[in-house]
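Q: I'd like to ask you about the structure that follows.
The values are calculated or read from the model by the stated rules, or taken from the named source; none is laboratory data. As the structure is a computational prediction, the values presented were derived from the model and not from experiment. Please note: Cβ atoms are built from the backbone with ideal geometry, for glycine as well, and neighbour counts cover all protein chains shown.
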Amino acid sequence: MAYDLVLENASLLDGTGSEARPADVAVSGEALAAVAPRGELSDVDTADRYDCRGRVLCPGFIDMHSHADWVLPQPGHGKVLAPLAEQGITTLVTGNCGCTPAPMLGQNLQLTPALGGLLHDDELDYAWSDMADFLGALEGRGIALNCAQLVGHGSLRTALKGLDSAPASDAEAEQMADLAREALDQGAIGISTGLGYAPGVFASEEELVAVARPLAERGGVYTSHARSYVALGRRGEDAPLPANIRALDETAAVHRAHGVKVQHSHLIFVGDATWPTTDRTLEHFDRLVDDGVDMAFDAFPYVGGNTTLVVFLPPWALSNARESARDPALRPKLASGLERVQALVGMRWSDTQILWVPDRKLAHYEGRSVADIAGERGTDPTLTYLDLIDELGPQTRILNWNYSGRGDEETSLRKVLAHPRCCIETDTILTGNGFDNPASYGTFPRVLGRYVRELGLFSLPEAVRRMTSFSADRMGLRDRGRVEAGLAADLVVFDPETVGDLTTRQDPARSPTGIDLVVLNGAKVVQGARFDTASRAGRVLRLPAS
């Protein structure tokens, strides 16, 4: 039998968590055709033979939390997303945090281009209406990486209610559920929420449970950017439960209602005062799992994460952020609230770094912290932050450098990454412009280099398992995540002695070391550490029929 590609003399980590074994792997078309002991495929006919001697061969990495669904429709998206492929990522789980390009109907026709503005640079044609049209458009145009698309609760809510902060009626919640059901039938793999952003922040737990009902009928996963990642308790409680722990319960409530898999997005501990709750939070998570809740979480291996400039504003100011920030009557109230929360949580304006500004004439602010800008202006940092919302716009992207640590202090982060139910994500917003999030370049190599090889936080087989098969299982991707005959030929070849992340806070756009080869659906798309940006070997991965 002749094969299209044979990878020989590999140290194979098959994605299951098993120890490495010597092996040869053969590819035919887009599938893995054979996995054999080393040497058994040395004489077979093949169009291409690749020697993996001294290297690890494993499944392609799955980025569990991506926002690239806003970039994939662009003709030049291969160039923009190249840093993801060059770190070994073959599959993107897109549509996170409740905000998705589809469906485009109702009030979304006006609001979606604005809401998604911070997630892409090139204009989108929005040549789709529902999820079927959107996924069909991606397939028709071709995509550079695999895409498994969620449908956003925020997009469903916006279609019906716009940015109205009023509670959804039972009828409105049922309409959202109908739209979610339709999206699942059309290929979405689950439902995402963004409960820290408008309009998700306005939704009650009852609304979320109602909208998630189709998951029980159709299958699929529920993912949640949680209500809170800080340790503040409710006022007036004798022993207030930290908000980040209450947020876990809200994610678990969807499983309890419907029996579906739930994924707590980017488990982070925001601010110095929240870091000490790490053990208590992880213990609470373990109790939920022990109690039968089918839940996991994801995390990025940095103490900084990207978000929007207005993330610190209270919910009542989000719908009209720019106007609220400049209103002389509201500014004192906002400033005092911000300063109180910063003191309680343990945050600093020196931690908040501007990444991207929509108005490119103001790009000179990118890479600078709010504290730096305030110092240059000789103004109060909190008032400067409000000024920047007005001047730069609420869609401005930032990176906060106080997530589960700061600088070399990352005790909290390491505890999160070491947990066996932690998947790996980038959670990066990569658009081709601006100051980059280092996660865009170094996430998976950083785990393999820093946390496995250098710190011994967990084993190499375990790291690969949580980057591949565990993530595939959580998302219902049955043909990905393992090196097994008959499954998709998504593969990474890397050097375990040199793989690593070279990014820094001030120089984030640096390619990793040690990633030799990436195979995507049987095609060699990364060779010599460079991605073939013209390649369109990716596939849309749909929810299997239940």
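Q: I need the full set of residues from region 119-140 which are in a helix (DSSP H, G or I) and either in contact with a helix residue (DSSP H, G or I) (Cβ under 9 Å, 6 or more places away or on another chain) or β-branched (Val, Ile, Thr) (or both), in order please.
A: Result: Leu119, Met131, Ala132, Phe134, Leu138.
Q: Ok, one more. When both residues are 6+ apart or on different chains and their Cβ atoms are under 9 Å apart, which pairs have a first residue that lies in region 84-103 and is surrounded by fewer than 24 Cβ atoms within 10 Å (Cβ to Cβ), and a second that is of a type in the set (D, E, K, R)?
A: Cβ pairs passing all conditions: Glu86/Arg530.
Q: Can I ask one more? Is it the case, given these coordinates, that Ala159 is at pLDDT 95 or above, over 22 Å from the mean Cα position of the chain (by Cα) and part of a helix (DSSP H, G or I)?
A: In short, yes.
Q: While we're here: Test of understanding: among Val27, Val44, which residue is surrounded by fewer than 19 Cβ atoms within 10 Å (Cβ to Cβ), touching a strand residue (DSSP E or B) at 6+ places or on another chain (Cβ under 8 Å) and among the β-branched types (Val, Ile, Thr)?
A: None of the other options fit; the residue is Val44.
Q: Residue pairs, Cβ under 8 Å, 6 or more apart or interchain, first in region 68-81 and more than 11 Å from Cys147 (Cβ to Cβ), second in a helix (DSSP H, G or I). List them.
A: Final answer for the pair search is Trp70/Leu119; Gln74/Val80; Pro75/Arg141.
Q: Give the number of residues within region 448-484 that are touching a strand residue (DSSP E or B) at 6+ places or on another chain (Cβ under 7 Å), of a type outside the set (D, E, K, R) and not in a helix (DSSP H, G or I).
A: 5
Q: (1) assigned by TED's automatic domain parsing to the domain that holds Glu123; (2) at pLDDT below 95: which one isn't true of His65, the others all being true?
A: Answer for His65: the failing condition is (2).
Q: Which one of these does Thr278 not meet: (1) in contact (Cβ under 8 Å) with a residue 40 or more places away in the chain; (2) buried (at least 16 other Cβ atoms within 10 Å of the Cβ); (3) farther than 22 Å from Thr443 by Cβ?
A: Among (1) in contact (Cβ under 8 Å) with a residue 40 or more places away in the chain; (2) buried (at least 16 other Cβ atoms within 10 Å of the Cβ); (3) farther than 22 Å from Thr443 by Cβ, the lone unmet condition for Thr278 is (3).
Q: Next question, about the same structure. Which number in (1) buried (at least 23 other Cβ atoms within 10 Å of the Cβ); (2) assigned to a loop (DSSP other than H, G, I, E, B) marks the one condition that Ser192 misses?
A: Going through the list (1) buried (at least 23 other Cβ atoms within 10 Å of the Cβ); (2) assigned to a loop (DSSP other than H, G, I, E, B), Ser192 breaks only (2).
Q: In this structure, does Leu208 turn out to be farther than 29 Å from Arg397 by Cα and among the hydrophobic types (A, V, I, L, M, F, W, C)?
A: no
Q: Would you confirm, using the coordinates I've provided, whether Arg157 is of a type in the set (D, E, K, R) and closer than 30 Å to Pro83 by Cα?
A: In short, no.
Q: Checking Glu40 against (1) over 29 Å from Thr426 (Cα atoms); (2) in contact (Cβ under 8 Å) with a residue 24 or more places away in the chain, which single condition isn't satisfied?
A: (2)
Q: Output the residues belonging to region 309-318 that are of a type outside the set (Phe, Trp, Tyr), farther than 15 Å from Leu388 by Cβ and out of contact with any Phe, Trp or Tyr (no Cβ under 9 Å at 6 or more places or on another chain).
A: Residue satisfying the conditions is Pro314 alone.
Q: Continuing with the same structure: Can you tell me which residues in region 209-220 are surrounded by fewer than 23 Cβ atoms within 10 Å (Cβ to Cβ) and within 22 Å of the chain's Cα centre (by Cα)?
A: If the condition is that a residue be surrounded by fewer than 23 Cβ atoms within 10 Å (Cβ to Cβ) and within 22 Å of the chain's Cα centre (by Cα), then Gly219 is the only one that fits.
Q: Would region 285-301 turn up any residue that is buried (at least 22 other Cβ atoms within 10 Å of the Cβ) and small (Gly, Ala, Ser)?
A: The answer is yes, given that some residue of region 285-301 is buried (at least 22 other Cβ atoms within 10 Å of the Cβ) and small (Gly, Ala, Ser).
Q: Restricting attention to region 1-54, report how many residues are assigned to a strand (DSSP E or B) and not aliphatic (A, V, I, L, M).
A: 14
Q: Can you say whether Pro314 is of a type outside the set (S, T, N, Q) and either crowded, with 20+ Cβ neighbours inside 10 Å or over 28 Å from the mean Cα position of the chain (by Cα) (or both), as far as the supplied structure shows?
A: Judged against the criteria, Pro314 is not a match.
Q: Please work out if Gly196 is more than 21 Å from Trp128 (Cβ to Cβ), of a type outside the set (D, E, K, R) and in contact with a Cys (Cβ under 9 Å, 6 or more places away or on another chain).
A: Criteria met by Gly196.
Q: Go through region 514-546 residue by residue and tally those that are in a strand (DSSP E or B) and touching a Pro at 6+ places or on another chain (Cβ under 7 Å).
A: 1
Q: In this structure, does Phe470 turn out to be out of contact with any helix residue (DSSP H, G or I) (no Cβ under 8 Å at 6 or more places or on another chain) and closer than 20 Å to Arg505 by Cβ?
A: no
Q: If you don't mind, another one. So which helices (runs of 4 or more DSSP H) stay within region 335-444 end to end and still have 1 or more residues that are surrounded by fewer than 21 Cβ atoms within 10 Å (Cβ to Cβ) and of a type in the set (Lys, Arg)?
A: Answer list for region 335-444: 370-377, 411-418.
Q: Any idea which of Leu392, Leu413, Leu334 is more than 20 Å from Asn306 (Cβ to Cβ) and of a type outside the set (Asp, Glu)?
A: Among Leu392, Leu413, Leu334, only Leu334 is more than 20 Å from Asn306 (Cβ to Cβ) and of a type outside the set (Asp, Glu).
Q: Okay, next question. Any residue at all in region 356-368 that is closer than 25 Å to Thr274 by Cα and touching a Lys or Arg at 6+ places or on another chain (Cβ under 7 Å)?
A: No, the conditions are met nowhere in region 356-368.
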